[in-house]
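Values in this text are rule-based calculations from the coordinates and carry no lab data. In this text, all values refer to a predicted model and were calculated from it rather than measured experimentally. Cβ: placed from backbone, ideal geometry, glycine included. Neighbour counts: every protein chain shown.
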């Protein structure tokens, strides 16, 4: 195993905990808005690490650009749909959960 | 074939399966839809890992389609199923 | 070994998901489950070494059909102005009751 | 090209230069997706033309040129912030007591350019502890994961950087790739 492969694999492995925490957040957090936080951010960072790790190991330029395109699309898609869902939830008058004093 | 990457994909698959509980539990429609969105992002990651694990570059194209279409169903959900009739003409100033 | 575990996991989730789609009384829940089912099905096609089918499944089975189902669901349930026949019937029924 | 006839501003991308740019862009995209396979071009040409035609019929915003050098400066900052937001969410979610204290925060834009505002609203969703919940004209309602976070200050800083991305309004056939 070369040093480049090692770094790349390390990056890919680093992405997994973010995905896991996204799922845990989806199950643990109390309302729509907070769950959106977990879903949008954790998953994007996780995918970012996986894409980065694969890019480091990749040998063809075409693949690198394609991977970056995938990451960019997911980034745009999740930021947009996060906003759409939050906006629709506010319009449906769903109250954000707050910590009781 | 690289078994290590397949095992990482397995972990992600299990996490997706755990996310299914949110679809079953709800409580609101948006919560269920968000779990489907989780499927989209995790699905892309799983496909990328499988593409590397089995040395099949074409699988990355499937990941690309996943990335495009996960957003489509969320938009359809918000615009159609959840909030009823909201046309772009009604919400924003007209462009035409 | 790991590959087998992956396949078994995929099969079990797929079968369980199909069962839940059939079982669910809430139509919206069924649609969301169906969308997830389509995505898992695409993964299975990849594992069966048919990436072209996986592409078609992801695009048509999960993306387009999901969006169409959601749209249809609104026409069936969400429209309150009575534009659709179903809704008009329901409203008349409500008035009589 | 600005059409002021109907009272509202309308921008179109129908100048020959703009069409050529778009054709080139979608052509390159096809080249990328098909992996340089020449046999796919009969289909690719049709798709490229269709994509260009569709793009010309999208509702267009006021065109502004993005400055390339400032994009290069902006990206590492943005990627760093979005990494921090992932770590922040992970820490809160995995903590046994779930240390969150959500609140809604009002924010008003300084930039008056719609494209910049949309970019900012999208970026806010990837900052630590914030998502943009409602976006109306010059106001943004932000859902914050923790009351104690300095939301307004962080977003203001981001907004200044986004404003720096845009140069002065260009001539008619503005084109941002």
Which of B:33, C:1 has the fewest other C-beta atoms within 10 Å, and how do the rest follow up to the most?
C:1, B:33
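At a 10 Å Cβ-Cβ cut-off, how would you order C:77, D:130, fewest neighbours first? Each step should come with its number before you reach the end.
Values: C:77 16, D:130 26.
Listed from fewest to most nearby Cβ atoms, that is C:77, D:130.
Counting other beta carbons within 10 Å of each Cβ, put A:78, A:59, C:71 in order, fewest first.
Ascending number of Cβ neighbours within 10 Å: A:59, C:71, A:78.
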What's the percent breakdown of Cα-Cα distances in region D:22-102 across 5 Å bins, shortest bin first?
3, 11, 11, 10, 10, 12, 12, 11, 8, 7, 3, 1
Cα-based convex hull, region D:68-165, per residue volume (Å³, whole number)
79
Quantify how much of the Cα-Cα distance distribution of region B:3-85 extends past 18 Å, in percent.
50
Given a Förster distance of 22 angstrom, what is the FRET efficiency for residue A:27 paired with residue D:138, based on the Cβ-Cβ distance and rounded to 0.05?
0.05
Rounded, prolate or oblate, given the Cα gyration tensor of chain A, with a/c below 1.5 counting as rounded?
oblate
Distribution output for the protein assembly as shown: share of Cα-Cα pairs per 10 Å bin in percent, first bin at 0, values 4, 18, 29, 28, 16, 4, 1, 0
Over what distance in Å are the Cα centres of region C:1-65 and region D:127-145 separated?
34
Which parts of region A:51-73 would a label at residue A:2 reach, counting a residue when its backbone N lies under 15 Å from a point 7 Å out along Cα-to-Cβ?
A:54-61
Report, to the nearest 10°, how far helix A:3-28 tilts away from the longest principal axis of the Cα atoms in chain A, using its own Cα long axis and a range of 0 to 90°.
10
